[in-house]
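Presented below is the structure to which this report refers.
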Amino acid sequence: APPRRLNVNVGVLGHIDSGKTALARALSTTGSTAAFDRAPQSRARGITLDLGFSCLRTALPPQLGPGPGELQFTLVDCPGHASLIRTIIGGAQIIDLMMLVIDVTKGMQTQSAECLVIGQIACQKMVVVLNKIDLLPEGKRQSAIEKMTKKMQKTLENTKFCGCPIVAVAAKPGGPEAPESETPIGVSELIEVLKSQAYLPSRDPSGHFLMAVDHCFSIKGQGTVMTGTILSGSVSLGDNVEIPALKVTKKVKSMQMFHTPVTYAMQGDRVGICVTQFDPKLLERGLICTPESLHTIHAAIISLKKIQYFRGRLQTKAKFHITVGHETVMGRVMFFSPAPADFNEEIQENVFNFEKDYLYQEEYLSKDLKTSEENKENDQSEVQLPRQQWALLEFEKPVTCPKLCLVIGSKLDTDIHANTCRLAFHGVLLQGMEDKNYAETFLPKLKVYKLKHKEGQVERVMDDYSVIGRSLFKKETNIQIFVGLKVKLSTGEDGVIEGGFGQSGKFKIQIPDGLRPDTKMLLAIASKKKSKASKGDPAKEEESSRSDSAQPVGISLLFKRYVFDTQKKMIQS
């Protein structure tokens with residue numbers, strides 16, 4: 001049987017200056033120098049470096065099955081988090097293993113925390129590398145490493161990487177200026193750990209083809225080669241692929257994996273695809289896909305979760321940097337939740353139900369929201385949280401992305417040195433809006449409502465079945481639109497607004513079941529007090545009618561209004 005070949009994608013992550021690039025170099029060179037024993041059979045045993053992709057190759061470890069074979073680790077260097085998120089596009093699981101690089105003299109820093117967050121969203125396994133141990137004085141080195149290892153174990157305790165391996169190395173002893181002859185410390189141990197962590201990733205060839213291209217170059221007489229990692233689906237010789245950013249479609253002329261021509265490649269594979277008559281300068285990096293499988297959208301509905309390390313609140317109308325697919329754009333958010341009766345309902349994943357009513361929220365509801373003062377005293381600070389929350393995202397400029405993809409919201413303008421996590425929320429894109437005029441054509445379908453609550457007082461009794469009310473509306477309000485709405489008196493009677501009364505925003509309420517005797521008494525006493533206080537002076541009468549204490553009976557009006565209803569209808573259940 002031909003030797004089995006397996007590719008495992010390793011994301012190399014860490015704070016600026018933690019030594020990620022040096023580590024990737026040390027890993028690949030430690031591999032490649034071992035491999036230059038001119039004998040061809042030692043190549044099969046050793047590790048070779050393929051410079052086109054930064055990677056190292058080693059013999060297939062026993063847990064991945066019998067027989068001779070080669071395991072290739074593709075090292076995906078992820079500088080900063082924007083491009084890291086790009087590497088994990090569309091929720092396609094292409095990073096199988098994450099290597100978090102920590103400067104042993106500094107410990108966790110802002111971006112190391114962010115990497116951890118993204119790792120939990122996008123990846124199954126992690127190895128922590130404590131780099132730069134050459135900076136620790138020989139005598140104290142071991143104890144310092146142990147101390148930092150304990151600290152990291154504690155940090156990882158409540159994450160899905162609890163108990164992951166922690167390896168101490170010096171990728172480039174003496175720092176960037178040191179001669180190349182300095183041997184790295186601990187790198188071959190790290191390779192063994194990586195081998196022990198390698199697993200057979202689950203891959204899925206179905207779905208649309210989508211590939212993240214990271215190099216594009218021309219080969220004389222052949223055409224243009226695009227190399228990258230397949231994020232979803234599969235590709236065969238002769239297929240048409242689209243470069244959506246350029247709206248260009250090309251035919252796949254030839255393909256290579258592991259320097260060997262192939263006719264087919266699928267999700268997770270590293271592949272070079274050759275096309276003709278295409279200028280490589282047009283596409284440095286970016287996406288290629290099944291023609292027409294990506295859509296360009298101006299707004300979207302997403303389901304989302306707040307990232308626990310984010311310190312700020314997530315408020316409606318706020319702007320965030322939104323990473324969707326391969327792009328990061330500014331966007332404004334509006335949060336909403338299920339209607340209160342549905343808070344505990346199971347919600348179907350990855351679909352959005354336009355039939356249901358949703359409740360508008362001023363901010364994302366989370367455990368850490370401070371409840372209002374009066375609740376603290378009654379100690380009922382348990383906020384009811386819904387099982388699922390959504391947001392409407394409105395982008396400042398259109399984005400091109402797969403139909404269902406990972407979305408990450410962050411505040412990138414936060415100072416990079418401030419020790420806070422800049423990632424705010426992550427979610428799944430459920431519905432994109434391709435129409436530029438989505439506010440007119442699409443949003444009215446979205447049934448998000450606000451609850452409105454108005455309070456007023458009974459001014460005086462007209463007869464047993466009607467009263468005059470005030471303070472519910474401003475003088476200039478057109479009371480006609482409220483006619484027929486139900487109200488409730490604080491004494492318990494139900495009423496209906498019948499129309500305006502006079503010019504000053506007062507109105508007449510019908511009480512179909514009649515006023516109760518004790519309500520009439522209350523109001524009679526109040527009006528006696530009032531006429532006594534004013535002794536017939538109309539100016540004073542107006543004044544005393546404003547003092548709420550004289551008015552013991554309140555009126556409350558409750559209704560809901562849909563945020564995107566162009567007619568602003570008021571609805572009562």
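The values are calculated or read from the model by the stated rules, or taken from the named source; none is laboratory data. None of the values given here were measured: they were computed from a predicted structure. For neighbour counting, all protein chains shown are included, and Cβ atoms are generated from backbone atoms with ideal geometry for every residue, glycine included. Please note that ligands, DNA and RNA were not included when accessible areas were found on the heavy atoms of the full protein model with its side chains. Shrake-Rupley method; radii C 1.70, N 1.55, O 1.52, S 1.80 Å.
Things to note:
- Here the 3J(HN,Hα) profile of the range 334-351, calculated from phi with Karplus coefficients 6.51, -1.76 and 1.60 at θ = phi - 60°, is 9, 8, 8, 10, x, 4, x, 5, 9, 3, 9, 5, 5, 10, 5, 6, 6, 9 Hz, Gly and Pro shown as x.
- Binning all Cα-Cα separations of the range 210-289 at 10 Å, short to long from zero, yields these whole-percent fractions: 21, 62, 18, 0.
- The relative contact order of the range 210-289 comes to 41 percent, based on Cα pairs under 8 Å that sit 6 or more residues apart.
- Rounded FRET efficiency, nearest 0.05, which uses the C-beta distance separating TYR199 from VAL262 and R0 of 22 Å: 0.45
- Charge-dipole axis of the range 154-200 as Lys and Arg at +1 and Asp and Glu at -1 on Cβ define it, positive-most pick from GLN197, ALA178, VAL167: GLN197
- Think of a 1.4 Å ball rolled over the protein heavy atoms: the range 210-289 then has 46 Å² of accessible area per residue.
- 3J(HN,Hα) along the range 212-228, derived from phi through the Karplus expression 6.51 cos²θ - 1.76 cosθ + 1.60 where θ = phi - 60°, amounts to 9, 8, 10, 9, 9, 8, 9, 10, 4, x, 10, x, 10, 9, 10, 10, x Hz, with x in place of Gly and Pro.
- Label point distance in nm, GLU363-THR477, each placed 7 Å from Cα along Cα→Cβ: 2.8 nm
- Total formal charge among the other residues, if their Cβ is under 14 angstrom from that of ASP357, Lys/Arg +1 and Asp/Glu -1: +3
- Of the peptides 233-241, 176-184, the ranking by mean beta-carbon count within 10 Å, highest at the top, reads 233-241, 176-184.
- Gain on full stretching of the segment that runs from GLU180 to GLU355 - 0.36 nm per residue minus C-alpha separation: 56.5 nm
- Counting 0.36 nm for each residue step from ASP464 to ASN344 and taking away their Cα separation leaves a gain of 38.8 nm.
- Two-site FRET efficiency, GLU157 against LEU64, from Cβ-Cβ distance with R₀ of 30 Å, rounded to 0.05: 0.55
- Förster-model FRET efficiency, 35 Å R0, ALA439 and LEU485, C-beta, rounded to 0.05: 0.80
- Backbone N atoms of the range 257-294 closer than 16 Å to the 7 Å Cα→Cβ label point of LEU237 belong to residues 257-266, 272-276.
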